[in-house]
1. Suppose R0 equals 22 Å. What FRET efficiency, 1/(1 + (r/R0)^6) with r the Cβ-Cβ distance, do residue 123 and residue 25 give to the nearest 0.05?
2. Around residue 132, which amide H atoms from residues at least 5 apart in sequence, or from another chain, sit under 5 Å from its own amide H, with H modelled in the peptide plane?
3. How large are Rg and Dmax for the range 138-219 when only the alpha carbon atoms are used, in Å?
4. For the chain, what is the percent of antiparallel DSSP beta bridges, rounded to the nearest 5?
5. Got a sec to turn the phi values of the range 106-118 into Karplus ³J(HN,Hα) couplings, 6.51 cos²θ - 1.76 cosθ + 1.60 with θ = phi - 60°, whole Hz, x for Gly and Pro?
6. Contact order normalised by length for the range 115-178, with contacts defined as Cα pairs under 8 Å and 6 or more residues apart; what percent is it?
7. Given R₀ = 45 Å, FRET efficiency for residue 143-residue 47 by Cβ-Cβ distance, to 0.05?
8. Could you work out the relative contact order of the range 207-320? I mean the mean sequence separation of Cα pairs under 8 Å and 6+ apart, divided by the number of residues, in percent.
Amino acid sequence: MILVTGGAGFIGANFVLDWLAEQQEGVVNLDKLTYAGNLETLATLKDVKAHVFVRGDIGDSALVDKLLAEHQPRAVVNFAAESHVDRSIHGPEDFVQTNVVGTFRLLESVRGYWNGLPADRKAAFRFLHVSTDEVYGSLKTGEPAFTEETKYEPNSPYSASKAASDHLVRAWHHTYGLPVLTTNCSNNYGPYHFPEKLIPLMIVNALAGKPLPVYGDGMQVRDWLYVKDHCSAIRRVLEAGRLGETYNVGGWNEKPNIEIVRTVCALLDELKPRADGKPYSEQIAYVVDRPGHDRRYAIDARKLERELGWKPEETFETGIRKTVEWYLANGEWVRNVQSGAYREWVQKHYASSAGKGAA
Ligand code: NAD
Ligand code: DAU
C-alpha cells in the first residue's frame, strides 16, 4: 500500500490511475477536494478495492496519523498543493498554509510513523515530494537549463511556498534521517488538466468562442512534459532514486507560450473547425502580463536519465494532439469542473488585474 496525497488533482489523479492500471499494490488517496480536486476524474476507480479515497487535509495531523497507522503504507507520495501561480498572486495565504504548513505537518506525521516501523520496513520506506522547476527562478535566453545544482530563487508566492516545502523535506532527511526523494518537474499537460492553466484554458475558451488571453508578449518560455511521462518518472524515482537526492524531470520541449497557443489553435482547426470556417487563432487576445512573470524555465533532466534510465515517451507533437483529442472527447468532464467557483475565478482574474479585453 502507498499513500498518495492530492490524488484527485491533475497530476495526482493521473498518477493514481496509471499506478492502479499497472500493478496490484493499493493506494490510499488523501485529498482535501479544493476547487482543483475532482472525484469525477477517479470515477473509473469507484469499485476498485485497491483504491481507498479519503477526503482530508495533509495538515490534519490526527487524520494523517490515523491513516498511516491503519494502512501501514510503504511510501508516501506528496502531490497535495495549491498549484496555480495566478491564484497565489491574488491570495497567497492558502499557498503558505498547504504548501508550507501542510507539508511540515505531513512530514511530522510521517516521521512519527516511520520511527515506529520495524528495521526492515523502516529501511525500505520512502517519502517522495513532488515539486516544481519554478523554485529555481527565471532564466535569460541562452542561459543553461536548470540542473539539480542550480540555486533556488523563487519569484512568486507559489514558487516560494514550494521552495519552502522542498527545504523542509531536505531538512527532515538531513536532521532526522527520513528517507526522502524530491522531484522538480517542468510544466505538465494532458488529460484532466484544470482549465485555469494555459493549455486547457486555451482549448476550452477556443471551443466556447471566447478570447484566448496571452499574457504580455507571449514570448515567455516553458518546458512542457506530457503528464503520463511525469508519472512514469515519479514511479522510477520511487523505485530506485537515491535517498535525499533531488531529480529534475523535463520534456526537452522548450516553447514560447504564443507557439503553444498557435499549435492548439491549429489542431482545433483540423479536428473541430469553427462553424464560420475562420481560424481559432483569430481569438488570440494579448492581455496585461502576470506580475513578476518568470521569463523562461528550462530543465536539464540528464541526472534522471543517467542514474535511473528515465526518458519521456511523448514528443510535444504527439502529446499535444492526444491532449486536444482528449478535451474534444470529454466535454462533460470539462462542463462539470466549470462550477460556480470556476466561473467566479475567471471573472475575477481576467476582468481585473490580468485581463484587458479577455473573457
Ligand atoms: P492540482 O492543483 O491540479 O491538484 C492539487 C490537488 O491537491 C487537488 O486535488 C487538491 O484538492 C489537493 N489539495 C490541495 N490542498 C490540499 C491539502 N491541504 N490537503 C490535501 N489535499 C490538498 O495540482 P497539480 O497540477 O496536479 O500538481 C500536483 C503537484 O505537482 C503539486 O505539488 C505541484 O506543485 C506539482 N507540480 C505541478 C506541475 C504542473 O505543471 N501542474 C509541474 C511540476 C510540479
Ligand atoms: O513549471 C511548473 C509549473 O507549471 C507548476 O509548478 C505549476 O503548478 C503549474 O501551474 C505551471 O505553472 P505556470 O505558471 O507555468 O503555468 P500556467 O499554465 O498558469 O501558465 C503557463 C504560461 O502561460 C505562463 O507563462 C503564463 C502563461 N499564461 C497562462 C494563463 C493561465 C497566459 O499567457 N495566459 C493565461 O491565461
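1. 0.75
2. Amide H neighbours of residue 132: 185.
3. Expressed in Å, the Cα Rg and Dmax of the range 138-219 come to 17.5, 54.
4. Once the DSSP bridges in the chain are tallied, antiparallel ones form about 10 percent.
5. 4, 4, 5, 4, 5, 4, x, 5, 4, 4, x, 7, x
6. Values: 36 pairs, mean separation 20.0, N = 64.
In percent, rounded to a whole number, it is 31.
7. Once rounded, the FRET efficiency stands at 0.35.
8. Details: 147 pairs, mean separation 52.3, N = 114.
Computed value for the range 207-320: 46 percent relative contact order.
The values are calculated or read from the model by the stated rules, or taken from the named source; none is laboratory data. Everything numeric in this text was worked out from a predicted model, so none of it was measured. Positions of Cβ are backbone-derived with ideal geometry, glycine not excepted, and every protein chain shown enters the neighbour counts. The protein model used for the area step is the full one, side chains on, heavy atoms only, and it has no ligands, DNA or RNA in it. Shrake-Rupley method; radii C 1.70, N 1.55, O 1.52, S 1.80 Å.
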